[in-house]
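The values are calculated or read from the model by the stated rules, or taken from the named source; none is laboratory data. Every value quoted in this text rests on a predicted model; they were computed, and no experiment measured them. Neighbour counts run over all protein chains shown; Cβ positions are idealised from the backbone, glycine included. Note: accessible area is taken over every heavy atom of the protein model, side chains too, but ligands, DNA and RNA are not part of it. Shrake-Rupley method; radii C 1.70, N 1.55, O 1.52, S 1.80 Å.
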Amino acid sequence: RLIDDKIHVLILGEPGTGKDVIAKSIWNTYRKSIDKNQVVYDCGAMDPNLIHGELFGYKKGAFTGADKDKDGIIEVNDGKMIFLDEIGNIPRSKQNVFMRLLQSGDFKKLGSNDAKKVNVQIVAATNKDINDEERFASDLRDRFDEVIVIPPLRERKSDIPLLVDFFL
C-alpha cells in the first residue's frame, strides 16, 4: 500500500531493530520532496506529566505556570510528517487525545474547549508490546492505517552480512 500523506504508520520492534531507519526510509521515499527536514521527536525524553502540553500545546491559565498560550509539536508541524519515537511513553490516560488526532485530524489544547484541525502524518514507533492493555489503549493500534513489525536480528540472520558490509 502506498504511504501517502494521509497514512499514519506504526512501527513495532525490539530495541535496536532499526525502527528509526524504517521511519527515515518512509520520509525519504514519500515526504522528502515535500518536507525540508524529517521531524523527529522522542516521546521517551518527554516528561509523562507534560506530554499532552508538549504534543498538543496549552492555553494560558491551563495550569500553574502557563502564563501564555503555547502551540504544541502537532500544531507547529501542520502539513508535515512527524516521527514520534517511543510512543510507549505516552501515558495511557493521555492516549485518547492522540487517538482522536489519528482518527479525525483534530485535537484540543490543554485548557481549551475548541478543537483544532491539522493535517499531519504520524509515523510512530515503540519497542513496547502494543497489545499490553495496561500500557496502551486497546484500540490504539487500530487507529494506525499501517503497522510494520520488524523482527529482531536473531530472526533475520541473513541480514548480518549486509550489516557487516555496511559498517565496514
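Going through the stretch 115-168 one residue at a time, which ones are in a loop (DSSP other than H, G, I, E, B), in contact with a helix residue (DSSP H, G or I) (Cβ under 7 Å, 6 or more places away or on another chain) and of a type in the set (A, V, I, L, M)? Answer for the stretch 115-168, where residues must be in a loop (DSSP other than H, G, I, E, B), in contact with a helix residue (DSSP H, G or I) (Cβ under 7 Å, 6 or more places away or on another chain) and of a type in the set (A, V, I, L, M): Val118, Val120, Ile130, Ala137.
Look at the stretch 25-45: where a residue is modelled with pLDDT under 90 and a partner is exposed (fewer than 11 other Cβ atoms within 10 Å of the Cβ) and not charged (D, E, K, R), sitting 6+ places away or on another chain with Cβ atoms under 9 Å, you get Tyr30/Leu2. Annotation note: Cβ proximity below 7 Å between a residue of the stretch 1-20 that is farther than 10 Å from Met81 by Cβ and touching a residue at least 24 places away in the same chain (Cβ under 8 Å) and a residue that is exposed (fewer than 15 other Cβ atoms within 10 Å of the Cβ) and basic (Lys, Arg) (sequence gap 6+ or interchain) occurs for Leu10/Arg141.
Let's see how each residue does on (1) of a type in the set (Ser, Thr, Tyr); (2) farther than 17 Å from Asp78 by Cβ; (3) surrounded by 11 or more Cβ atoms within 10 Å (Cβ to Cβ):
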{"site": "Leu12", "(1), (2), (3)": "no, yes, yes"}
{"site": "Ile22", "(1), (2), (3)": "no, yes, yes"}
{"site": "Ser33", "(1), (2), (3)": "yes, yes, no"}
{"site": "Cys43", "(1), (2), (3)": "no, yes, yes"}
{"site": "Leu50", "(1), (2), (3)": "no, yes, yes"}
{"site": "Phe56", "(1), (2), (3)": "no, no, yes"}
{"site": "Lys59", "(1), (2), (3)": "no, yes, yes"}
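Only residues that are open to solvent by less than 30 Å² (accessible area, probe 1.4 Å), without any contact (Cβ under 8 Å) to a residue 60 or more places away in the chain and of a type in the set (Ser, Thr, Tyr): list them for the stretch 94-139, please. Correct list: Ser112 only. Does Ile74 satisfy being in a helix (DSSP H, G or I) and touching a strand residue (DSSP E or B) at 6+ places or on another chain (Cβ under 7 Å)? It is true that Ile74 is in a helix (DSSP H, G or I) and touching a strand residue (DSSP E or B) at 6+ places or on another chain (Cβ under 7 Å).
Being more than 27 Å from Ser33 (Cβ to Cβ) and either under 23 Å from the mean Cα position of the chain (by Cα) or hydrophobic (A, V, I, L, M, F, W, C) (or both) holds for only one residue in Asp165, Asp132, and it is Asp132.
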